[in-house]
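Enquirer: Let me give you the structure first, and then I'll get to my questions.
Values quoted throughout were computed directly from the atomic coordinates according to the rules given, and no laboratory measurement underlies them. Being a predicted model, the structure only gives us computed values, none of them experimental. Counting neighbours? That spans all protein chains shown, and the Cβs are built from the backbone with ideal geometry, glycine included.
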Amino acid sequence: MDTRDTGAMRAFVLHPDLTGTPNRRDASMALAEAVALAAALPELEVAGAEVVRLQKAQPGLLFGRGKIEELGSRFKAEDIGLVLVDGPVTPVQQRNLEREWGVKLLDRTGLILEIFADRARTREGVLQVELAALSYQRTRLVRAWTHLERQRGGLGFVGGPGETQIEADRRAIDEAITRIKRQLAKVTKTRALHRAARAKVPYPIVALVGYTNAGKSTLFNRMTGADVLAKDMLFATLDPTMRGVVLPTGGEIILSDTVGFISDLPTQLVAAFRATLEEVLAADLICHVRDISHPETDEQSADVAAILAELGVDETVPLLEMWNKIDVVPPEERAALENRANRDENVLTLSALTGEGLDQALATISERLEGERRDEVVVLPYSDGRGRAWLFEQGVVKDERQQEDGITLKVSWTPRQKAQFKALGGKD
């Protein structure tokens, strides 16, 4: 069957391999990831992919003239409608390449935004995507469009006298960003109320994090019985999903599945999706799910650690590494990995697909959270309204009594919350 009759846009993926860049990624691995990113959009058909080695990026066209012509002929012959460049492309380069090749072009940030837009389901997720897209679009107004030199007269509501099109476009984007931020503030406030209600239960939060396509959603489904989208594609999960799980000891936890991390995640996306990842910031235990079968599993792990640090995750939060997809690792390599894991109490091997190692994972989670929340009594002077308010915000207060010398509160909290309370100047 001719795939050109499917109606999908034919796309070609290019990975510019800048040979002078220190610590650059393996080009073939980077290209494979870029192809997987493109395949995550159902309306695209990836018709080809290539690594283009460069000593340095050309300011106007990114690639050299000879390569531009070679690729242009290939794109025309293969009926390519979209070129995806796995890396940053300036507005000038994008405009020039689109003119040269007669195709639409997206850089890595633009592609990830398209995927996020396709995956977002909750109200917050949709708003976060819109905010990130507008922030990205705003940076691409400068010299990006052909009509920017046009002037238009002042009609009051349209723009001031002599306002250029770019100024009007930027103003419209700024207004849209302000409007979305207001909407997000309301959504975030609602989620904060839900989070406060959960904290009063109070069940510990266990957050699954990891590189995209590491198997988090498959593991989440195994542990909860939920039907979260779990496909072999990048960014299959965008919005955080939360479910209650009963542990082998009878205790309960709230398990959170989160958006996958990825190398070179655009800065505006990290900032825009910080709220989406806020469950990680509030977690009592973080489970870092790794695709241990991936050739770049160590590099992916380093990327996850870097993003967690950038998000401001407290280093005191306990972290378990879950080496997933152990079932597809060759026997000899698997034995070595299992020996390594057995020597580290913070590492587990498992297969979310087959369920192997899942019982041990749940038992270890139980062990880490056993006695994590302790019932204690806190006495505060009446003057310490800040400390009292903080305890109620955390949802740890089980009982409160007023005494002559102050307020006596019975709390159920984690060592982390106790340490945070002390840092505020509170006394237990």
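Enquirer: Just in the range 54-140: which GluC sites (Glu not before Pro) are loop by DSSP and have at most 15 other Cβ atoms within 10 Å?
Expert: GLU78
Enquirer: Which one of GLN55, ILE68, ILE115 has its Cα pushed farthest toward the positive end of the charge dipole of the range 3-115, where Lys and Arg give +1 and Asp and Glu give -1 at the Cβ?
Expert: GLN55
Enquirer: Another question, if that's okay. With a cap of 13 neighbouring Cβ atoms within 10 Å, and only residues DSSP puts in a loop, list the chymotrypsin sites (Phe, Trp or Tyr not before Pro) found in the range 324-428.
Expert: TYR382
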